[in-house]
Amino acid sequence: MLAVQNLTVKYHQFTAVKGIDFEVKCGEFFGICGPNGSGKSTILRAINGISAYQGDIWLEGQNIKEFSPGERARHIAVLPQHIDLSFAFNVKEMVKMGRYAHQKGLLKSWLSKDEERVNAAMQLTSIEHLAERDITTLSGGEMQRVFLARAIVQEPQLLLLDEPTNHLDIAQQMKLLERIYHLSKSEGLTIIGIFHDLNIAGLFCDRLLMLKDGEVQTIAAPEDALNEPLLESIYESPLIRRDHPKTPAPSINMQRKVNKETMKITRKLAKGQHWEIECYPPMKFLGNQGLRNPFEWKSKILIGKPTDQQASPYVMLNIDGDFESIKWYENREGPFSGEIKIAKKHDDVQCVIVLFDGIIVETDYLKLFQIISCMIAKHIKRPIVDVPVLIGATIQEPRINFKKISSWLETALEIELK
């Protein structure tokens, strides 16, 4: 659909884009990402005919240098990140401007099909109720919907997005991009968008072109393009890549510098109603009870009857009965400040908690959980699923040696669970 070949853009002696090549398929949502000054907007300006360039850009087999301004407007629409308005048009007048490229002759005539296109676009972007409003009185989200409607009535083959969500709140960002994504998939509209937010790019784009210093670093699906080594190379900053918890898409997290803090664990019986274990610094937990997600950061453990977990700062471990009769069996001699806390009532195991001061990778959490479960199964008669098990780690240096902690854990649990 679109083919960019050996594209080079220079500003005086500075080369902003350096001989890049890429293709975009019909109906594809194609993202361009990279740091400031990497050439993202320059590429869009070249495609839209604003910046002079060397190389070739082909749209449906036609070189866009051959397009007249009217032809370009019929083929390509742009949704910019901000628009400077010189006149106070109302919303419908602004949307109708998108039909200008389709009108012919010296005396432009407004046909019924033009009116139908405008009304359909306003309905699709949910701005019919704003038709008579002065454009300058709209919010940022409303304004972007108006200019999306204007782009739609152009009936372009290609829609260019120049950071369209830059000034919008999270809700407005999602609403706008859901509409644009719908146009791509239901109408076959080809979209090329610039994104600073890598999570948004990963959620909506089919493929990503990653730029640095005007050069292509990779072109791939988000799950391949947004990998940690490449991101650190491009952005020169540590970024952590995980999978989105509810959507098959990557999720990128920033990492600030954290000073190492001494691990402190305290335990107390609170008003005879439950036990509290406080952890400092906060720990990343995995357990079979009391967490909404497989891994969560918490600073407190509550052992007793659970309250509303949605609002609770605690890991909630559900145990019945007389809490004053619970006896704690503890081993604080493990490597990496390892601690085991086992709650027993009348020699019956109530819960097992293991805490470390160090970095544990998520796969090692799962291996440790399996070791603990197997050890519990050797010493209790009831199903092990009835015994709360919790593993926590500070995730601060040093990185934990799994072989060391697993060997200590098996030996210590054999003693403490008897």
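Looking across segment 350-380, the residues that are over 19 Å from W408 (Cβ atoms) and touching a residue at least 40 places away in the same chain (Cβ under 8 Å) come down to Q350, C351, E362. Residues in segment 22-46 that are in a strand (DSSP E or B) and either over 16 Å from L159 (Cα atoms) or of a type outside the set (D, E, K, R) (or both): F22, V24, F29, F30, G31, I32, C33. Restricted to segment 87-183, the set of helices (runs of 4 or more DSSP H) holding at least 3 residues that are closer than 30 Å to G39 by Cβ and modelled with pLDDT under 90 comprises 140-153.
The residue of segment 47-86 that is modelled with the highest pLDDT, among those that are touching a strand residue (DSSP E or B) at 6+ places or on another chain (Cβ under 8 Å) and in a helix (DSSP H, G or I), is I47. Between K305, K367, the distinction of being within 17 Å of S407 (Cα to Cα) and of a type in the set (K, R) belongs to K367 only. For R145, are the conditions met, namely being in the same structural domain as G49 (by TED's automatic domain parsing), free of Cβ contacts under 8 Å to residues at least 40 places away in the same chain and buried (at least 18 other Cβ atoms within 10 Å of the Cβ)? Spelling it out, R145 is indeed in the same structural domain as G49 (by TED's automatic domain parsing), free of Cβ contacts under 8 Å to residues at least 40 places away in the same chain and buried (at least 18 other Cβ atoms within 10 Å of the Cβ).
Scanning segment 1-41 for residues that are farther than 22 Å from L177 by Cα and hydroxyl-bearing (S, T, Y) gives T8, Y11, T15, S38. Listed by first and then second residue, the pairs linking a residue in segment 227-247 that is among the polar types (S, T, N, Q) to a residue that is part of a loop (DSSP other than H, G, I, E, B) and modelled with pLDDT under 95, with Cβ atoms under 9 Å apart and 6 or more places separating them unless they lie on different chains, are S237/Q255.
Among the residues of segment 242-260, none qualifies, meaning not one is among the acidic types (D, E), over 25 Å from A16 (Cα atoms) and not in a strand (DSSP E or B).
If I filter segment 330-346 for residues that are among the acidic types (D, E), in contact with a helix residue (DSSP H, G or I) (Cβ under 9 Å, 6 or more places away or on another chain) and in the same structural domain as W275 (by TED's automatic domain parsing), do I get at least one hit? Yes; the residues of segment 330-346 include at least one that is among the acidic types (D, E), in contact with a helix residue (DSSP H, G or I) (Cβ under 9 Å, 6 or more places away or on another chain) and in the same structural domain as W275 (by TED's automatic domain parsing).
Among all positions in segment 205-212, there is at least one residue which is touching a Phe, Trp or Tyr at 6+ places or on another chain (Cβ under 9 Å), surrounded by 12 or more Cβ atoms within 10 Å (Cβ to Cβ), in the same structural domain as L79 (by TED's automatic domain parsing) and among the basic types (K, R). If you go through segment 30-69 one residue at a time, how many are surrounded by fewer than 14 Cβ atoms within 10 Å (Cβ to Cβ), in contact (Cβ under 8 Å) with a residue 24 or more places away in the chain and closer than 23 Å to S184 by Cα? The total comes to 1. Across segment 383-395, a minimum of one residue is classified as loosely packed, with under 12 Cβ neighbours inside 10 Å and either farther than 22 Å from P294 by Cβ or in contact (Cβ under 8 Å) with a residue 40 or more places away in the chain (or both).
Of all residues being in a strand (DSSP E or B) and in contact with a helix residue (DSSP H, G or I) (Cβ under 9 Å, 6 or more places away or on another chain) in segment 271-284, which is surrounded by the most Cβ atoms within 10 Å (Cβ to Cβ)? Just the residue, please. The residue in question is W275. Can you find a residue that is aromatic (F, W, Y), more than 14 Å from L209 (Cβ to Cβ), without any contact (Cβ under 8 Å) to a residue 24 or more places away in the chain and surrounded by fewer than 16 Cβ atoms within 10 Å (Cβ to Cβ) anywhere in segment 85-106? For segment 85-106, residues aromatic (F, W, Y), more than 14 Å from L209 (Cβ to Cβ), without any contact (Cβ under 8 Å) to a residue 24 or more places away in the chain and surrounded by fewer than 16 Cβ atoms within 10 Å (Cβ to Cβ): present.
The values are calculated or read from the model by the stated rules, or taken from the named source; none is laboratory data. Treat the numbers as computed from the prediction; the structure is a model and nothing was measured. Because the Cβ atoms are built from the backbone with ideal geometry, glycine has one as well, and the counts that use them run over all protein chains shown.
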